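All remarks here apply to the structure that follows.
The values are calculated or read from the model by the stated rules, or taken from the named source; none is laboratory data. These numbers were taken from a predicted model, which means no experiment stands behind them. Ideal geometry is used to build each Cβ from the backbone, glycine not excepted, and the neighbour counts take in all protein chains shown. For accessibility, only protein heavy atoms count, side chains too; no ligands or nucleic acids. Shrake-Rupley method; radii C 1.70, N 1.55, O 1.52, S 1.80 Å.
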Amino acid sequence: MYPTKLNKIINLFESLPEDERRETLVSYADNAKKQEPREGENFELVDVRKDEECTDTVGVYLHVDENGRAHIRMTLGPEVQTLTRSMAAILCKGLEGSTPQEILDLPSDFVTRIVGTELVRIRSQTVYYVLTRIKSICKVWLDRQRMAQVALSQVTACVASSCGSRVTIV
C-alpha cells in the first residue's frame, strides 16, 4: 500500500509516544536541508513558488531516472514552518525510488499516522501541503510522458502511412 521506505517511517512514528513523536518531527525538520538539490543533479521538472497555504517559498524538484524511479528534492524558505519542514524531509526520504504513478496514487491517510490526529486537526493545511505539491509535480511529469508517447505514435503512424513502410524515428 505504501512504498517500503515510507512504511518504515510510518511504523517508526506509530511506535512512539506523543512527546517523542513531536521530538522526532522536529529532528526531521532540522534535517530538511539535506533534501535540497545537490550540485550536479539534473531535474526534469522544477516548481518553486510561494502559495497562500505556506508562509514562504517552497521548491519541489523531480528527477525520474532511466528505470522510471522518482527522486525528489525540496528547498524551503527560511519562514517555512517546522511541520512543513518535517513533512518535506519525511516525504523526500519515504518516496525515494517510487514511481511517479505510485506517488500520485498514494493515499494521504498515512499523514495522521505520522504526525498524530491532534496536529492534523490544528495544522491540517500544513501537513498535506507538501504531499499535494509532490503529487502535483508527478502528475505534470506523467502527463508530459503520455503526451510525448501519443505524439511519437502519431509521427510513427504518419511516416509509415506516407512511405508505405514502417519507419522508427529515434
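Run the numbers for residue 31 and residue 56: contour at 0.36 nm per residue of separation, minus the present Cα-Cα distance, in nm. Mind dumping the intermediate values first?
Numbers: separation 25, 0.36 × 25 = 9.00 nm, distance 1.78 nm.
Between residue 31 and residue 56, full extension yields an extra 7.2 nm.
Once a ≥ b ≥ c are taken as the square roots of the eigenvalues of the Cα gyration tensor of the stretch 49-140, is the result rounded (a/c under 1.5), prolate (a/b larger than b/c) or oblate (a/b not larger than b/c)?
Oblate shape, in that a/c is at least 1.5 and b/c is the bigger or equal ratio.
Let me spell out the model: positive unit charges on the Cβ of Lys and Arg, negative unit charges on the Cβ of Asp and Glu, origin at the Cα centre of the stretch 77-139. What dipole size does that give, in debye rounded to 20?
Dipole magnitude for the stretch 77-139 comes out near 120 debye.
Quick one: helix 82-95 against the long Cα principal axis of the chain, what's the angle to the nearest 10°, folded into 0 to 90?
Here the helix axis deviates by roughly 50 degrees.
In Å and on Cα atoms, what radius of gyration and Dmax does the chain show?
19.3, 71
I need the shape label for the stretch 1-77. Rule: rounded when a/c is under 1.5, else prolate if a/b > b/c, else oblate, with a, b, c from the alpha carbon gyration tensor.
oblate
Angle between the Cα long axis of helix 18-30 and the longest principal axis of the chain, 0 to 90 degrees, nearest 10?
Tilt relative to the chain: about 50 degrees.
What's the carbon and sulfur percent of the chain's accessible surface, probe 1.4 angstrom, rounded to a whole number?
It is 51 percent, rounded to a whole number.
Between residue 117 and residue 43, what FRET efficiency comes out of the Förster formula 1/(1 + (r/R0)^6) with R0 = 30 Å and r the beta carbon distance, rounded to 0.05? Write out the running numbers ahead of the final one.
On the way: r = 35 Å, r/R0 = 1.16.
The formula returns an efficiency of 0.30 here.
Where nothing but the Cβ of Lys and Arg (+1) and of Asp and Glu (-1) is charged, how large is the charge dipole of the stretch 1-105 around its Cα centre, in debye to the nearest 20?
240 debye
Calculate for the chain the 222 nm mean residue ellipticity that helices alone would give, adding -39,500 (n - 2.57) per DSSP H run of length 4 or more and normalising by residue count, nearest 500 deg cm²/dmol.
My calculation for the chain gives -18500 deg cm²/dmol from helical runs alone.
Along the Cα→Cβ direction, 7 angstrom out, place labels at residue 128 and residue 15. What is the inter-label distance in nm?
Going from the residue 128 label point to the residue 15 one covers 3.0 nm.
Take every Cα pair under 8 Å in the chain that's 6+ residues apart, average their separations, divide by the length, and report that relative contact order as a whole percent.
24 percent
With a 1.4 Å probe and every protein chain left in place, work out the accessible area per residue of the stretch 19-92 in Å², rounded to a whole number.
53 Å²
Between residue 108 and residue 142, what is 0.36 nm times their sequence separation minus the Cα-Cα distance? Round to one decimal in nm.
Answer, rounded to one decimal: 10.3 nm.
From the square roots a ≥ b ≥ c of the eigenvalues of the alpha-carbon gyration tensor of the stretch 18-58, which class results: rounded (a/c under 1.5), prolate (a/b over b/c), or oblate?
Note, shape of the stretch 18-58 comes out oblate.
Can you tell me the orientation of helix 4-15 relative to the chain, as the angle in degrees between its alpha-carbon axis and the longest Cα principal axis, to the nearest 10?
Its long axis makes an angle of about 10 degrees.
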